[in-house]
């Protein structure tokens, strides 16, 4: 039987704090969602000023990254390149979701919504980097 790492509540708190710090540094109001490797919500933070729609979008981005083990930007890029069949995949193909990797294993996903998609990804990456340090 295989043993694999999984996210803890402390891991989620550390990633949320890093994401929030990146957002605040840039005066961005976003929603940050942390999901486990099966795409189940572990933690969500909706910063003051972020819209209710941002919460749903952040969860979908994080879920997409977790279950596909790929960034949502990869899905978006494939569609931009003409692979329209990707629209049938069970993912949200909008940049801002990244898988969380630990010791070569996907342990979850981070999704962010509230600013431009590349800025959402910048925030999510800050969270993933916090787990690695």
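Please treat every number below as a calculation from the coordinates, not as lab data. What you see is a predicted model; the values in this text were computed from it and never measured. Heads up, the Cβs are rebuilt from the backbone with ideal geometry, glycines too, and the neighbour counts pull from every protein chain shown.
Just need a number here: residues in the stretch 55-72 that are closer than 22 Å to residue 102 by Cβ and crowded, with 21+ Cβ neighbours inside 10 Å.
10
Among the residues of the stretch 92-115, none qualifies, meaning not one is free of Cβ contacts under 8 Å to residues at least 24 places away in the same chain, surrounded by fewer than 23 Cβ atoms within 10 Å (Cβ to Cβ) and closer than 17 Å to residue 22 by Cα. Inspect the stretch 17-25 for any residue being under 16 Å from residue 131 (Cα atoms) and touching a strand residue (DSSP E or B) at 6+ places or on another chain (Cβ under 6 Å) and give the result as yes or no. Yes: the stretch 17-25 contains one or more residues that are under 16 Å from residue 131 (Cα atoms) and touching a strand residue (DSSP E or B) at 6+ places or on another chain (Cβ under 6 Å). Of the residues 127, 114, 97, 104, the single one that is closer than 19 Å to residue 8 by Cα and touching a strand residue (DSSP E or B) at 6+ places or on another chain (Cβ under 8 Å) is 127. For the stretch 31-54, the set of residues classified as farther than 17 Å from residue 72 by Cα, surrounded by 15 or more Cβ atoms within 10 Å (Cβ to Cβ) and touching a residue at least 60 places away in the same chain (Cβ under 8 Å) consists of 42, 47, 50, listed by residue number. Only residues that are assigned to a helix (DSSP H, G or I) and surrounded by fewer than 20 Cβ atoms within 10 Å (Cβ to Cβ) were counted in the stretch 1-19, giving 5.
Quick one: is residue 22 touching a helix residue (DSSP H, G or I) at 6+ places or on another chain (Cβ under 8 Å) and surrounded by 19 or more Cβ atoms within 10 Å (Cβ to Cβ)? Answer is yes for this residue. Evaluate the following for residue 57: is it under 24 Å from residue 8 (Cβ atoms) and either without any contact (Cβ under 8 Å) to a residue 40 or more places away in the chain or under 12 Å from the mean Cα position of the chain (by Cα) (or both)? Considered against the rule, which asks whether it is under 24 Å from residue 8 (Cβ atoms) and either without any contact (Cβ under 8 Å) to a residue 40 or more places away in the chain or under 12 Å from the mean Cα position of the chain (by Cα) (or both), residue 57 comes out as no.
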